[in-house]
Structures are given as C-alpha cells and as structure tokens.
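Readers should treat all values here as calculations from the given coordinates under stated rules, not as data from a laboratory. In this text the structure is predicted, and so the values were computed from the model without any measurement. When we count neighbours, we look across all protein chains shown, and the Cβ atoms used for this are built from the backbone with ideal geometry, even at glycine.
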C-alpha cells in the first residue's frame, strides 16, 4: 500500500496518533499502532519533509513514547528528509528536553547527529539557549567545533549571536573556538603566508581547527569563506609549495557542502573534495607539481575510485587571477607560489577537450563566476 493511500484511508486516525505522541499518551499510541502498524511509516501531513512520529515525540519531550517507537523498530537516528536531515536528538535538543536527550543518547543516538546535518544537536541547543542540554551533549562527546553548514559558524559563534554568553563560555571551556579567532602572534612561516594570502585574496580563512585532516603531516587543508558571503567557500592546500615549482591547490564548493572533521564513510560523495586534495597533495610532494591546463579525469586510474560528483567528467587546473589589481611589490619568481583552482568540466559529445580546444576552455574557466567554478552538490539516494 502506497503512503498516499495509507494516509488517505487513515487520516483521522493518524491525526489522533500524532496528538497522542505529542501528549506522551503511551498506551493510546501503542493501541493505535497495534491496530494499524503501517502508520509507523507515515510523516506529518504526509509530506516528504514532514516529521516522523519519533521526531514529534522527541520535540514534545515524550520520552516514554520515544522508547515505545524505538522498540517497534524506528531508527533512533532517523533523518528528517530534505536539506536538513535532522535527527530526533536534534528535535529534543532544540526544545530543551534534557531527559529525552539523555534517553536518546543512552540508547545509541549519534551525539553530533548525521554528518550532513545543516546544524547539529549542539547548535540547536545553543540557538534555544538550553545550557543544561549543551552541557549534557558536551559531556557525551559532542564536537564543540563542528561548523553549521549553512552559516559556516561554530557553536561558540551561534551562542554568542543568539545572546547566550554563558553557553559560549561553557563551549570555550570544552575547547570551542570562534571562526573569528586568530592567533595573537601568527608565526611568520611559509604556511601562514599561504593562509594570509587566501584570507586577503579570497575571503575569511577559518581557524585550522575547523579544517578536515589531510591525512599527511607534510601538508594541511584550509577553508576560506569567499568574500565573506554565504554562497561559496574554498577548500585549499597548505604545504605543497615544498615541491618545485611551488604550487598549492584549491576547490570551490557551495557553502552548504559539509566539511565535518569526521562522520562520513570513506567513499561518501561528500568526502570527494577532501579525498581528492589529499591524494593530489601526496602525489605533488612524492612526484611532481600540477601544471596549468592539466586535466584530471574521473577515469584516471589513480582517481577513478573516488566518489566523483555526477556531471563532472574532469577537473581542470587553472591559474586563477586571485588579485585583479597589480601587486605593489614584485615577488621574485623563485619565491612565487601558484595556487591552481581545480574547476569542474563536463565533456561535450565530442569527448574530452584536445590541444586545439583546451586554450579556449581555460580562458572561459578563468573568466567564470564562483558558481561556474564550484563543484555541484551530490545527489544522494
């Protein structure tokens, strides 16, 4: 039976069930589900992004109903469909239901929610000003430096912005930092020079604690919020300049691309930019630097195992004009570091660009907007 048919046949019963869930009427919920077990699969108003019964129970602080629903087979980390992907723990945290949060955590709920959540349960508790829930989540191992995907802000920034300084202090005591935090006396190192250049040329570079791990101690990854806006961001390498000629690599991503430090499986499409830069970084330091015009194809034997986004046949290395205005001070060629932007390419019906068409393609990509230069969001499921 399709969900539309099920919903239409049992609409009034499902409304009563939702009310009973919100009111923590455990026996009434049990009775209605025993009579029609398939109601467990419906979502509020039968909408694709509607709350599940477990989300409703968690949002209402109905701990006993949560226990019943989980015992009947509902996934304790069931995501809310659509762009949010919030879990029941997020629903409980956002409403400040401490006991329900504790029960969900004790029964296996992921303390940070799903890695592609826009905001974590900790973020939700910060927005609501629920200090006791924040303390519980931190005690259970919540990451105090997990970025809000849409805003690219840290929990400390969220708590401060919503007017909860005590929560911000609690987060700071647990190791949380603000995206605005910068070293008081930055070391005058080549690595710091790269970060400073990206900060001044592209946009605000976040503190290193927010960056994914490159997996190689010889180089790191950084994140720049382009032009301080919320549309796009850059993931870039720091340390490849050790190979000659001196280069670094960057990829433009939609701002909502989750770059959480952990949580994704190795072959998740969300891991693609991190996995790609990590592999190219190792190749650069072990073999040779990339060159402008180099085409990195998805069918390259060294790259084919990565989870490439749909519609991207290759990435083209272009010498991005980071500073339209001429530099005041000349830099010796031996000291120059070229930062190549890797831009997505979709082949035409004729196939990959050849030597005769590549120059025109490079020129178009050099003039392209950040939107044109960004990887497309993966289509999952």
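Please work out the FRET efficiency for the pair residue 196 and residue 19, using the Cβ-Cβ distance as r and a Förster radius of 51 Å; give the result to the nearest 0.05.
0.35
Looking at (i) 19; (ii) 27; (iii) 7, which value of percent of Cα pairs over 40 Å apart comes from a calculation on the structure shown?
The calculated read-out lines up with (ii).
Which percent, to the nearest 5, of DSSP beta bridges fully inside the chain are antiparallel?
Around 80 percent antiparallel, to the nearest 5.
Considering the Cα positions of the range 190-373, please state its Rg to one decimal place and its Dmax as a whole number of Å.
Cα only, the range 190-373: 15.8, 46 Å (Rg, Dmax).
Which peptide among 36-44, 343-351 comes first, and what is the full order, when sorted by highest mean count of other Cβ atoms within 10 Å?
Answer by packing, highest mean first, reads 36-44, 343-351.
Could you rank the peptides 156-165, 50-59 by their average count of other C-beta atoms within 10 Å per residue, with the highest value first?
Peptide ranking by packing, descending: 50-59, 156-165.
Counting each DSSP H run of 4 or more residues in the chain as -39500 (n - 2.57), what helix-only mean residue ellipticity at 222 nm follows after dividing by all residues, to the nearest 500 deg cm²/dmol?
Computed ellipticity for the chain at 222 nm equals -10000 deg cm²/dmol.
Starting with the highest mean, order 141-147, 126-132 by the number of other Cβ atoms within 10 Å, averaged over the residues of each peptide.
Highest to lowest by the protection proxy: 141-147, 126-132.
With an 8 Å Cα cut-off and a minimum separation of 6 or more residues, compute the relative contact order for the range 217-283 in percent.
26
Taking 2.2 N^0.38 Å as the expected size of a compact globular protein, what ratio does the Cα radius of gyration of the range 17-58 give against it, to two decimals?
Dividing the Cα radius of gyration by 2.2 N^0.38 Å gives 1.07.
Below 8 Å between Cα atoms, with a sequence gap of 6+, how large is the relative contact order for the chain in percent?
Worked out over the chain, it gives 9 percent.
To the nearest 0.05, how large is the calculated FRET efficiency for residue 216 and residue 132 if R₀ is 25 Å and r is the Cβ-Cβ distance?
The calculated FRET efficiency here is 0.05.
Once you wrap a convex hull around the alpha carbon atoms of the range 3-173, what is its projected area averaged over all directions, in nm²?
Directional mean of the projected Cα hull area for the range 3-173 stands at 9.2 nm².
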